[in-house]
1. Which angle from 0 to 90°, rounded to the nearest 10, does the C-alpha axis of helix 3-75 make with the longest principal axis of the chain?
2. Return the Rg/Rh value of the chain, two decimal places, where both radii are evaluated on C-alpha atoms and Rh is the Kirkwood radius.
3. What value, in deg cm²/dmol to 500, does the helix sum -39500 (n - 2.57) over DSSP H runs of n ≥ 4 give at 222 nm once divided by the residues of the chain?
């Protein structure tokens, strides 16, 4: 084999190995990102449930406050 053909073969091997390694590395990163996405979705769902619970609590407290105000206004003399 000539020196030029050995050099071309060597470059081809290096590029092939680099491409295969790059693809495997990219797949690993993609899998990690997908896994993190699942955890982010679970956290988002938990936050949404907590926000709904807080909203329901606020609605309940608002209704109670309005009822108390109506009761106070009906007990106050001179109110209509």
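1. Relative to the chain, helix 3-75 is tipped by roughly 0 degrees.
2. 1.76
3. -35000 deg cm²/dmol
No lab work stands behind these numbers, since they all come straight from the coordinates. Nothing here was measured: the structure is a model prediction, and the numbers come from that model.
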